[in-house]
Amino acid sequence: MRPRTLPPRLRGWLELLEGRAGLVIAVAAGVALRLAYVVAVAGTRLSDDETSFWAIAGNVAHGRGYTYLGKATAWRPPLYTGLLAGARWLGASIRDVQLVQAVVGAATVALLFAATRELTHSRRAAILAAWVGAVYPPFVYFAGRMLSENVAIPLYVLALWVSVIWLERRGTTWAALCGLSWGAAILGRPTALPVAALCVVIGAIGVSTSRRGARAVVEAGLVLLVIAAVMAPWVARNASSVGGPEPITSNEGFALWSANRLDDSQLKSVNDDVRYPGMQDYAVYGRAFPGIEPLARAKGFDFDTASEASQDDFFRKLATHDIETDPLRFVTRTAERAVFVLLPAPDNASQTAKTGRVAKVVLWMTSGPLMMLGIIGLAVLTLRERRNAIAWFLTLSAVGSLLLVATHVPDVRYRVDGVDPILVISGSWLVVEGLRRVRHELPGSAQGAAGTPPRSTSYWRSGASHGCRPVGGPAAGSPSQRIAPVGAYWRM
């Protein structure tokens with residue numbers, strides 16, 4: 001069958017979206033969509049989690065310190081709470097903050113473009129990633145919520161972008177910038193901490209393959225040193241204020257225990273468990289609840305008078321004991337949750353009472369499929385670049401983040417804890433790679449007759465639509481390397 005192209009007008013629109021204005025259009029669309037959601041859909045009534053952020057930020061703004069209910073706390077990550085405190089000090093209302101967050105959402109779009117471009121060397125893949133970042137419903141949803149994802153997600157993408165640059169270009173300058181970006185991402189949300197550690201390990205291995213071992217140690221050590229320097233003031237504050245050097249938040253032990261208790265065999269919300277009345281209060285505010293006190297007394301722990309750090313350590317020891325007592329149950333439940341997370345499932349935000357039915361359906365339809373597409377993309381990328389440190393870093397990061405979510409979340413729900421940005425990047429690469437291969441296999445196309453382009457990433461360095469000479473290949477415009485206009489990618 002003879003190939004057909006899209007109508008000239010539609011092809012013109014596609015070329016515009018891929019051209020120099022493509023990123024600007026994607027950013028503008030992302031901001032407009034977020035603003036429309038905030039104004040037309042998002043209300044100003046705060047959920048439980050949002051109330052704690054808003055209250056702590058208000059205490060900071062009014063000179064009462066990082067406290068809640070009159071006590072120093074580390075229950076919430078400091079970076080977003082600090083920025084929110086600045087907004088409250090300036091007199092901003094909830095609606096004002098929502099509008100600012102909608103505009104700041106443009107950072108996620110631009111950073112996804114930059115990170116994907118650095119990874120794939122393809123403008124088409126980068127534009128696709130930017131559009132996913134602009135319209136992906138969970139990203140849009142958080143613009144209307146007083147939650148740390150508004151800062152954590154763009155910082156996480158920034159850290160991924162800088163990490164990819166470091167893995168490709170090496171050098172102490174990029175190592176220091178990598179550590180700085182990961183330090184900021186960790187202060188934004190502690191789920192970035194294990195991915196930062198993985199970056200250091202993979203980066204050191206990648207560096208050691210091209211430089212002397214001493215240089216690899218220096219660069220990896222520099223990343224760790226900068227991360228530690230960024231975190232040090234907050235850790236020192238926690239040591240003196242909440243009873244212990246909590247790395248970021250004092251709820252990690254509770255989250256681990258509540259999701260992996262031996263006395264709960266069901267994949268359900270622990271907050272609804274009648275055996276632990278008041279669990280919802282503790283999960284949100286860091287307060288004591290009646291159901292845990294008998295267990296604490298049985299183990300010789302004075303829960304009521306203990307510091308926040310001691311309470312966190314108590315929950316962590318409970319979780320460790322339960323995991324060591326029945327490790328097979330822990331592994332099987334984690335695997336079961338991981339499978340459910342990959343299915344089309346509602347985002348955690350969609351479970352709040354104020355989220356409408358339409359929003360829940362949209363979130364349900366988007367989370368799981370995007371994750372599956374991204375994981376497939378990561379698998380293909382890693383197999384194709386078997387010794388590529390970047391491919392292994394992204395793959396292990398996604399797997400680790402997935403297991404982290406499955407381990408810490410007490411009920412079956414998907415959280416935007418950093419998994420999405422990695423999968424958006426790899427999924428976009430997969431789609432564009434697939435379109436490129438389809439284009440070259442079409443009957444009657446010049447590329448199909450001349451053969452498939454080289455499999456190495458040097459193809460992507462050719463500049464695709466910019467007419468640059470591919471690395472190690474013939475000049476642009478020759479039959480074997482000429483890049484067809486965008487409409488050719490959409491031939492039927």
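The values are calculated or read from the model by the stated rules, or taken from the named source; none is laboratory data. Here the structure is a predicted model, which means the values were calculated and not measured. With ideal geometry, Cβ positions are generated from the backbone for all residues, glycine too; neighbour counts draw on all protein chains shown.
See the values below:
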quantity: Any hit, region 85-96, residues being assigned to a loop (DSSP other than H, G, I, E, B), closer than 25 Å to Ala232 by Cα and aliphatic (A, V, I, L, M); calculated: no
quantity: Boolean, Ala152 is touching an Asp or Glu at 6+ places or on another chain (Cβ under 9 Å), among the small types (Gly, Ala, Ser), part of a helix (DSSP H, G or I) and closer than 21 Å to Met371 by Cα; calculated: yes
quantity: Residue match in region 150-165 (condition: more than 26 Å from Val405 (Cα to Cα) and not charged (D, E, K, R)); calculated: yes
quantity: Some residue of region 88-96 being hydroxyl-bearing (Ser, Thr, Tyr) and farther than 18 Å from Ile425 by Cβ; calculated: yes
quantity: Residue match in region 88-98 (condition: out of contact with any Asp or Glu (no Cβ under 6 Å at 6 or more places or on another chain), modelled with pLDDT of 90 or more and within 20 Å of Pro137 (Cβ to Cβ)); calculated: yes
quantity: Residue identified as farther than 16 Å from Leu119 by Cα, out of contact with any Cys (no Cβ under 7 Å at 6 or more places or on another chain) and at pLDDT 70 or above among Ala349, Ala338; calculated: Ala338
quantity: Residue count, region 94-131 (criterion: small (Gly, Ala, Ser) and over 18 Å from the mean Cα position of the chain (by Cα)); calculated: 2
quantity: Residue match in region 25-44 (condition: within 20 Å of the chain's Cα centre (by Cα) and not hydrophobic (A, V, I, L, M, F, W, C)); calculated: yes
quantity: Matching residues in region 159-196 - criterion: being aromatic (Phe, Trp, Tyr) and over 21 Å from Ser148 (Cβ atoms); calculated: Trp166, Trp174
quantity: Criterion: touching a residue at least 12 places away in the same chain (Cβ under 8 Å), buried (at least 20 other Cβ atoms within 10 Å of the Cβ) and not in a helix (DSSP H, G or I) - qualifying residue of Gly179, Gly203, Gly144, Gly133; calculated: Gly144
quantity: Top-ranked residue of region 297-333 - restricted to ones that are among the β-branched types (Val, Ile, Thr) and surrounded by fewer than 16 Cβ atoms within 10 Å (Cβ to Cβ), ranked as farthest from Phe254 (Cα to Cα); calculated: Thr332
quantity: Checking Gly244 against (1) modelled with pLDDT of 80 or more; (2) closer than 22 Å to Ala57 by Cβ; (3) in a loop (DSSP other than H, G, I, E, B), the condition it does not meet; calculated: (2)
quantity: Residue in region 62-70 that is assigned to a strand (DSSP E or B) and not acidic (Asp, Glu) present; calculated: yes
quantity: Residues satisfying the stated conditions in region 37-64, i.e. surrounded by 14 or more Cβ atoms within 10 Å (Cβ to Cβ) and modelled with pLDDT of 90 or more; calculated: Tyr37, Val38, Phe53, Trp54, Ala55, Ile56, Ala57, Gly58, Asn59, Val60, Ala61
quantity: Residue in region 291-329 that is modelled with the lowest pLDDT, counting only those that are in a helix (DSSP H, G or I) and among the small types (Gly, Ala, Ser); calculated: Gly291
